[in-house]
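Data first, discussion second: the structure below is written as structure tokens.
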Amino acid sequence: MPPSAASDARSSPEQWLALLRTQPAAAEAAFAAAFAALRLDAPSLGASAGHFQRRGQVAVAHYLWWRARRLAPQDDQACCGLGRAELALGATEAARACFQSVLDRMPADGAAHAGIAECLLRGDRIAPAMAAIARALDAPPTTPAAWHELALLALRAGAPALAARAFAALAQVAADDPSWWLARARFERERGDAVAALAWVDRFGRLHPDDVAARLEKARCLLARGDVEPARRWLEKLESRHPGVAENSAIYGDSLTDPAQSGLRARHWVRAIDLWTATGDAAAARAQAQRLLHEQPECAAGWCALGRLEHAQSHWLAAEAAWTRALELDPAHLDAAAGLANLYEESNRSDEAAAVAAAGLAQLRPGEARNGAIELHLALAKAARRRKDAVAGLSQLAAAEALAQSDSQHEHIAFERGRLLESRHEDDAAFAAFTHGNALALAAWQRQHPGGNRYLAGIEAMLAHVRAGGLRAWAPVAGQAIAAPAFLVGFPRSGTSLLNHVLDGHDHIRTMEEKPPTQTMLAAVRAMPAGYPDAMARFDALDLDYLRERYFRSADQHGGGDRNRLLLDKFPLHINLAALIHRVFPQARFIFALRHPCDVVLSCFMQQFRLNHAMANFCTLQGAVALYTRTMDLWQSVRSQLPLAVHTIRYEDMVADFDGQVQALCDFLGVPWQPDLRRFSERARDRGRIDTPSYAQVSRPLYGEAVYRWQRYRAQLAPWLPSLQPYIERFGYA
């Protein structure tokens, strides 16, 4: 981009808009620098938002539309644009409010009616959606993209006459634009003209021969024409080129219409359900499961797949019901038994887990290997560990290992072996087992996520920013003070789950355990023109309003919506986001959970986490120590530059003096002490499933065996003690 273009972009909104029209790529490159001149100019913000939304950068567009609307509440374009961005982010009710505000002023606005139609369809309100589509068509749209959108809405609503109007318009205004040809093929197929449908899909396919959606539509069209074998060959070819496409399995199941093929049909549909579940498309998975179970209500595999879907969505009772039904239909369905046994174990219902696992294994003939058997042996090993019968537990692990084939299975066995050996004080053997399990986990993670350590690199970058004085550059932001949440942070395995369950019993506190509101807020900052962390220095009052709105909307969706109680947001590693939290919520209070550095590093290494970019650091002691030291360096650096309100509570002190420590914590939070807080372990058991690695520990009364546990592994930790020694001394553990 020429230097003059960049300087022009920064000089005024008018020049920026001219650059956006004539040189969109150059304008986008200059946007961060130009934003200072644009941030209070609603038309420029709206034009920029439209550009980013067309480019698929929805988070950026949402922020810009939101600012534009706050600056110009009566701007219909900004309202509709924000509504579109809300839809793209899954916020249907917020989107509908935007569109309705336009219709309140302009009842005939076609774009707003189209947006309302989308909102109604998402709520399965078909008849009013069709009426909204008809009103949008009457406007009429002014661009091919708008006609295409209405055609798709009409197809989803099952309104062929409305779809025909939209496609007729597209044929007039954009005949050579292939973006709508696949939709036209679907339209022709659904109204019964398979020949015309094939013509449209083949026309698109000649331009895009390897397009997955086109290949799927081709198979549907062939089936509609009665060409079953060609359709199957088409799907088989697609599977070989693009394995694991859920729609492929679903359509293949559709092709198996002979009653004698019902079992094979169910297997393909179950695979589709599982693939959709794995990719997070719960709506498609649920629709397929309902279809399968409506057609074959006694299909145990279908009920088992539904159980996996419900479990993935944290619907614990529904998962239990589905797996129970699968076992009623087929007591030998070991996958269902494994799912149910694991659910019971994670819900601290150990006896029930053992009973289900034993009943499932009783269905096996000697020497037979079947899916689910390994998980059932593991469930029995965990139950044995809980009742302190390590010999029985190790015997179950030996049986599981004889059946195990995958690295993942060997990983789970290794971690459980480590726990059992440690319970027998065979510390060297236990450490070797944890090391083996971690090596398997890390190898699998690195195969899927090659490259450097992203999470640690992010901490290093933020630490450099803070040490360079980045937080001292913050300008004060005038704005209304609000009631802020409290944040429970610390290094993992420092007692944060214990504290969360203690405070969850307080009448004046609403806990929210490891949910995404703060991550939602961070993503919104990353989408701002300067990005994270630089944007924090440039926040104005609108930015703070925006980020608080994003935070609380997410909190409302995850159980934190009770404004009459103090919200306690527990997420240990959000200690690394303390600067952002303080910037958005200056009145926020931080509870810093502290435990001996050697104990937390060792405990993280010995814990089998669901890996992500942060947790992958715990697969080696070197990685765990590096993450600990950089996290604590960042925490101390932030505290030295910002007036954080912090209350430190040590795990060891909690074990020694529960009442005194919790009373002091209540004083810090401004809530009264309640003696009933001592009953935290009973409440944890009554709660059912606890979705953190500490689910078994927090359901027990306070115990001292974890205090200074690291001493048993001093030899293994010896290479890392010099790195940890400064933190041992800093935190008073010397």
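Can you figure out the FRET efficiency of Ser240 with Arg206, using R₀ = 30 Å and their beta-carbon distance, to the nearest 0.05?
On the way: r = 21 Å, r/R0 = 0.70.
Rounded to the nearest 0.05, the efficiency is 0.90.
Mind running the shape call on the stretch 452-599? Use the C-alpha gyration tensor, a ≥ b ≥ c as the square roots of the eigenvalues: rounded below 1.5 for a/c, prolate if a/b tops b/c, oblate otherwise.
Since a/c reaches 1.5 but b/c is at least a/b, the shape of the stretch 452-599 is classed as oblate.
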Inset, instruction - Could you work out how far apart the two model spin labels at Gln674 and Asn612 are, taking each label as a point 7 Å from the Cα in the direction of the beta carbon, and quote it in nm? - result: 2.9 nm
Legend entry - Over the stretch 418-513, relative contact order from alpha-carbon pairs under 8 Å, at least 6 apart, %: 10 percent
Inset, instruction - May I ask you to work out the translational diffusion coefficient for the stretch 24-82 at 25 °C, viscosity 0.890 mPa s, via Stokes-Einstein with Rh from the Kirkwood sum over Cα pairs, reported in whole µm²/s? - result: 221 µm²/s
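Using Cα pairs closer than 8 Å and at least 6 residues apart in sequence, work out the relative contact order for the chain, in percent.
Values: 1024 pairs, mean separation 56.2, N = 734.
Here the relative contact order equals 8 percent.
Can you give the helix-only mean residue ellipticity at 222 nm for the chain, where every DSSP H stretch with n ≥ 4 adds -39500 (n - 2.57) and the sum goes over all residues, rounded to the nearest 500 deg cm²/dmol? Mind showing how you got there, number by number?
Working: 39 runs with 477 residues, N = 734.
One gets -20500 deg cm²/dmol as the mean residue ellipticity at 222 nm.
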Inset, instruction - Taking a cut-off of 21 Å between Cα atoms, list the lysines near Lys218, but don't count ones fewer than 8 places away on the same chain. - result: Lys237
Inset, instruction - Compute the separation of the alpha-carbon centres of the stretch 579-630 and the stretch 272-341 and state it in Å as a whole number. - result: 35 Å
Legend entry - Cα-centre dipole for the stretch 160-273 with unit charges at Cβ (Lys and Arg positive, Asp and Glu negative), debye to 20: 140 debye
Inset, instruction - Would you kindly derive the ³J(HN,Hα) couplings of the stretch 298-304 from the backbone phi angles with the Karplus curve 6.51 cos²θ - 1.76 cosθ + 1.60 (θ = phi - 60°), listing them in order in whole Hz, with x for Gly and Pro? - result: 9, 8, 4, 5, x, 5, 5
Inset, instruction - With a point put 7 Å past each Cα toward its Cβ, work out how far Arg156 is from Ala318 in nm, to one decimal. - result: 2.0 nm
Legend entry - Dipole axis of the stretch 346-478 (+1 Lys, Arg; -1 Asp, Glu on Cβ), positive-most option in Tyr455, Ala400, Pro366: Tyr455
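Quick one: divide the alpha-carbon radius of gyration of the stretch 518-589 by 2.2 N^0.38 Å and tell me what you get.
Values: Rg = 12.1 Å, N = 72, 2.2 N^0.38 = 11.2 Å.
Rg over 2.2 N^0.38 Å, computed on Cα atoms: 1.08.
Give the peptides 255-262, 495-502 in descending order of average Cβ contacts within 10 Å, highest first. Could the numbers behind the result be given before it?
Numbers: 255-262: 12.8, 495-502: 25.9.
Highest to lowest by the protection proxy: 495-502, 255-262.
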Inset, instruction - List, largest first, the extents of the alpha carbons of the chain along their principal axes, each in whole Å. - result: 79, 72, 48
Inset, instruction - Only Lys, Arg, Asp and Glu count, each charged at its Cβ (+1, +1, -1, -1), so figure out the dipole size of the chain about its Cα centre, rounded to 20 debye. - result: 720 debye
Legend entry - Partners for Lys515 among lysines (Cα-Cα distance below 22 Å; same-chain residues under 8 apart left out): Lys570
Legend entry - Shape call, the stretch 202-274: gyration tensor on alpha carbons, a/c limit 1.5: oblate
Legend entry - Farthest positive-ward along the chain dipole, Cα basis, beta-carbon charges - from Met130, Gly623, Pro160: Gly623
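Return the tail of the calculated pair distribution for the stretch 144-296, meaning the percent of Cα-Cα pairs more than 20 Å apart.
Values: 6292 of 11628 pairs.
Taking all Cα-Cα pairs of the stretch 144-296, the fraction more than 20 Å apart is 54 percent.
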Legend entry - Integer Hz, Karplus 6.51/-1.76/1.60 couplings in order for the stretch 353-365, x for Gly and Pro: 4, 5, 5, 5, 5, 5, 5, x, 5, 5, 7, 7, 7
Legend entry - the stretch 324-399 - percent relative contact order, Cα under 8 Å, separation 6 or more: 29 percent
Inset, instruction - Give a residue-ordered list of calculated ³J(HN,Hα) values for the stretch 134-151 (Karplus: 6.51 cos²θ - 1.76 cosθ + 1.60, θ = phi - 60°; whole Hz; x for Gly, Pro). - result: 4, 5, 5, 5, 6, 4, x, x, 10, 10, x, 4, 5, 4, 4, 4, 5, 4
Legend entry - Most positive-pole-ward Cα, Gly280, Gln663, Leu64, against dipole of the chain from beta carbon charges: Leu64
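Run the dipole for the stretch 601-692 about the Cα centre, Lys and Arg Cβ at +1, Asp and Glu Cβ at -1, nothing else charged, and hand back the magnitude in debye, nearest 20.
Using Cβ point charges on Lys, Arg, Asp and Glu, the stretch 601-692 gives about 360 debye.
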Legend entry - Distance between modelled label sites at Ala278 and Ala656, nm, 7 Å Cα→Cβ extension: 5.1 nm
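Classify the stretch 617-674: rounded, prolate or oblate, from the alpha-carbon gyration tensor (a ≥ b ≥ c, eigenvalue square roots; a/c under 1.5 rounded; otherwise prolate if a/b is larger than b/c)? Please report the intermediate quantities before stating the final value.
On the way: a/c = 3.77, a/b = 1.57, b/c = 2.40.
Note, shape of the stretch 617-674 comes out oblate.
Here, each number is a calculation from the coordinates, and none is a lab measurement. None of these values were measured; they are calculated from a predicted model. Glycine gets a Cβ as well: all are built from the backbone with ideal geometry, and neighbour counts include every protein chain shown.
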